[in-house]
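Let me begin by presenting the structure, written as structure tokens, before commenting on it.
The values are calculated or read from the model by the stated rules, or taken from the named source; none is laboratory data. Computed from a predicted model, the values in this text were never measured in an experiment. Note that we place each Cβ from the backbone using ideal geometry, even for glycine, and neighbour counts take in every protein chain shown. Heads up: the accessible areas ignore ligands, DNA and RNA and are worked out on the full protein's heavy atoms, side chains in. Shrake-Rupley method; radii C 1.70, N 1.55, O 1.52, S 1.80 Å.
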Amino acid sequence: MAIKTIEDLRVIHRRLQIPDEYIDICGLPFCPEPEELAAAGPDVFGRPALLEPQALRSWQQMRQAAAQDSVELHLVSAYRSIDYQAEVLARKVASGRSMEDVLTVNAAPGFSEHHSGRAIDIGTPGCPPLEEEFDQTQAFRWLSKHAKDFGFLLSYPKGSSGIINYEPWHWCFHA
């Protein structure tokens, strides 16, 4: 189902039992899915990864520049459809977590930067993926200094007052 309006999102949110006011209070912008996606190769889990073409080019350039500085960056996660995001949240709730808890680590469908094809979760050898300890790695220090040169910004920095917890691995491309 192509999600075109906020009302389309509300239907998905109601099915997941996400409160109606989430859209108004989350502080996150609606992230429509891109018109075009390009293959970024497999992620660290061997799944095919997709990115918006300009974000892919910048990711490849950034990864190569990091490698030249002896820093290894891995793609942990990239594009996620709105429907897939709904599945992720449903699985977490089915595993026993509350939706309120899940929404501190995952944006509701329609509001994840991953829908845009411009967001990437980054990992590095020796650090488990999607863990806060990523901020103690050489890779994070390199990204903090250089990612902006490639158009990538840390979306959920430490101490931000947003609805999503600190995620040192989550970077989004801004042309």
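Order the peptides 99-107, 33-41 from the highest to the lowest mean number of other Cβ atoms within 10 Å of their residues.
Result, highest mean Cβ count within 10 Å first: 99-107, 33-41.
Averaging the sequence gap over all C-alpha pairs within less than 8 Å and six or more residues apart, then dividing by the number of residues, gives the chain a relative contact order of 23 percent.
Panel note: the C-alpha atoms of segment 61-114, placed on their principal axes, show extents of 43, 20, 14 Å (largest first).
Put Arg10, Arg57, Arg15, Arg63 in order of accessible area, highest first, and with a 1.4 Å probe you get Arg15, Arg57, Arg63, Arg10. Take Glu7: with every protein chain present and a 1.4 Å probe, its accessible area is about 90 Å².
How many lysine pairs are close in the chain, with Cα atoms under 29 Å apart and the two 8 or more places apart or on different chains?
Total qualifying Lys-Lys pairs in the chain comes to 4.
On a 1.4 Å probe surface of the protein chains, which of Phe134, Phe45, Phe30 comes out largest in accessible area, and what is the full order?
Phe45, Phe30, Phe134
For segment 156-164, putting each phi into the Karplus relation 6.51 cos²θ - 1.76 cosθ + 1.60 with θ = phi - 60° gives couplings of 10, x, 4, x, 6, 9, x, 6, 8 Hz, in residue order, rounded to whole numbers and with x for Gly and Pro. Taking amide H atoms as placed 1.01 Å from N in the peptide plane, the amide H of Gly117 lies under 5 Å from those of Arg80, each 5 or more residues away in sequence or on another chain. Rolling a 1.4 Å probe over the protein heavy atoms gives segment 1-128 an accessible area of 51 Å² per residue. Given the alternatives (1) 51, 34, 29; (2) 48, 32, 28; (3) 59, 36, 29, Cα extents along the principal axes in Å as computed for this entry is given by (2).
In this structure the amide hydrogen of Ser77, modeled in the peptide plane, comes within under 5 Å of the amide hydrogens of Asp121, none closer than 5 places in sequence on its chain. For segment 67-175, trypsin sites (Lys or Arg not before Pro) are listed when DSSP marks them as loop and at most 12 other Cβ atoms sit within 10 Å of their Cβ; the list is Lys158. Helices in the chain, meaning DSSP H runs of at least 4 residues, each add -39500 (n - 2.57). Divided by all residues, the mean residue ellipticity at 222 nm is -9500 deg cm²/dmol.
How far, in degrees from 0 to 90, does helix 82-94 lean away from the longest principal axis of the Cα atoms of the chain, to the nearest 10? For helix 82-94, the angle is close to 80 degrees.
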